[in-house]
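> This structure is in structure tokens; I'll ask about it shortly.
Taken together, the values in this text are just the output of simple stated rules run on the coordinates, not laboratory data. Every value quoted in this text rests on a predicted model; they were computed, and no experiment measured them. Quick reminder, even Gly has a Cβ in these numbers, built from the backbone with ideal geometry, and neighbours come from all protein chains shown.
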Ligand code: SF4
């Protein structure tokens, strides 16, 4: 990485060994959990589970973040690039079906360094599980290191993205990022066992009171990215947490009717691969425990 950090569209241009930018993350990798995770989409978690590495800090810090303990409060442990590489191999040895980097954007440069050490030893795909607010230059640097991109597409309206995630340009940035991801990975490939091997899957969490914005987001996404080139996953696991109480319109769960309005619209757009989520997943029980300790 250049001395000053411009890894994401926040373009803080600061030296992270001396000060912190929007993501509040130091230059040294900080992680909060490493382990097998069963609650991703079936094609990502089938079998023994996805080999997740949760990074502390975030370049979006959404007001309703379900992982706010690590995204905003930076709970976690600092580790070296060498340890990060070792953790990937350990996950593979545990039977993980992939290596899943969760909220990786602000450590993309370190992930590349770690993968330089171990990518040739990994027989399972790597998954870049991000918020969608990504720099094209950073994504280009990841070309060849990432097998599956799992970006969010959170909002369409600049007013809404500014209000909940502090970035009015979210949709424009995210759509260009998704187009670059799809260019790199090609169309989704899923093997006979139901495991995704490569491709880009766009995730969308339907927020309460926001289903019209969800529909706008997908309606406009397909003007740039062909539905045949990506998979989609529509999620309903939202529950109010973190700062949601300050925003009455999102201080409740998403209703089944709101969720189905989005699903039914997305079904008309021609995606070949799509996933819907069970409504029972809208519970705190599905938030993992962030308990990483080095050497365990
Ligand atoms: S990764 Fe963090 S410090 Fe770097 S530009 Fe993004 S928000 Fe700023």
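> So if each residue of separation counts as 0.36 nm, and I subtract the Cα-Cα distance between residue 38 and residue 255, what length gain in nm does that give?
Here the segment from residue 38 to residue 255 would lengthen by 75.7 nm.
> At a Förster distance of 25 Å, what's the computed FRET efficiency of residue 73 paired with residue 113, Cβ-Cβ distance as r, to 0.05?
The computed FRET efficiency comes out at 0.45.
> Continuing with the same structure: On a full-extension model of 0.36 nm per residue, what is the gain between residue 264 and residue 190, subtracting their alpha-carbon distance, rounded to one decimal in nm?
24.3 nm
> OK, next. At a Förster radius of 41 Å, what calculated FRET efficiency corresponds to the Cβ-Cβ distance of residue 4 and residue 90, to the nearest 0.05?
Taking R0 as 41 Å, the efficiency between residue 4 and residue 90 is 0.80.
> Anyone know which of 243, 221, 36 comes out most mobile in the 10 Å Cα GNM of the chain?
Checking each option, the largest mean-square fluctuation is seen for 243.
> Moving on to the next point. Apply the a/c threshold of 1.5 to the C-alpha gyration tensor of region 1-136 and tell me whether it is rounded, prolate or oblate.
prolate
> Out of all DSSP beta bridges in region 64-215, what portion is antiparallel? Express it as a percent rounded to 5.
15 percent
> For the chain, modelled as a Gaussian network with Cα springs under 10 Å, which listed residue fluctuates most, 204, 120, 242?
Of 204, 120, 242, the most mobile in the Gaussian network model is 120.
> Using Cα pairs under 8 angstrom and six or more residues apart, how large is the relative contact order of the chain, in percent?
16 percent
> State whether the chain is rounded, prolate or oblate according to the following rule on the C-alpha gyration tensor (a ≥ b ≥ c being the square roots of its eigenvalues): a/c under 1.5 gives rounded; otherwise a/b larger than b/c gives prolate, and the remaining case gives oblate.
Rounded, because the longest to shortest axis ratio a/c is under 1.5.
> Here is a further query. Quote the relative contact order of region 183-226 in percent (integer), defining contacts as alpha-carbon pairs under 8 Å separated by 6+ residues.
The value is 24 percent.
> Which whole-angstrom value gives the distance between the alpha carbon centres of region 201-259 and region 167-198?
Rounded to whole Å, the Cα centres lie 17 Å apart.
> So, in nm, how far is label residue 245 from label residue 17 when the simple model puts each one 7 Å beyond its Cα toward the Cβ?
The modelled label-to-label distance comes out at 4.2 nm.
> Here's a follow-up. Give the separation of the Cα centroids, region 80-101 to region 1-36, in Å.
The two parts, judged by their Cα centres, are 21 Å apart.
> Which residue, 223, 162, 176, tops the fluctuation ranking in a GNM of the chain built on C-alpha contacts under 10 Å?
Result: 223 has the largest fluctuation of those listed.
> Out of the DSSP beta bridges found with both residues in the chain, what percent are antiparallel (nearest 5)?
Around 35 percent antiparallel, to the nearest 5.
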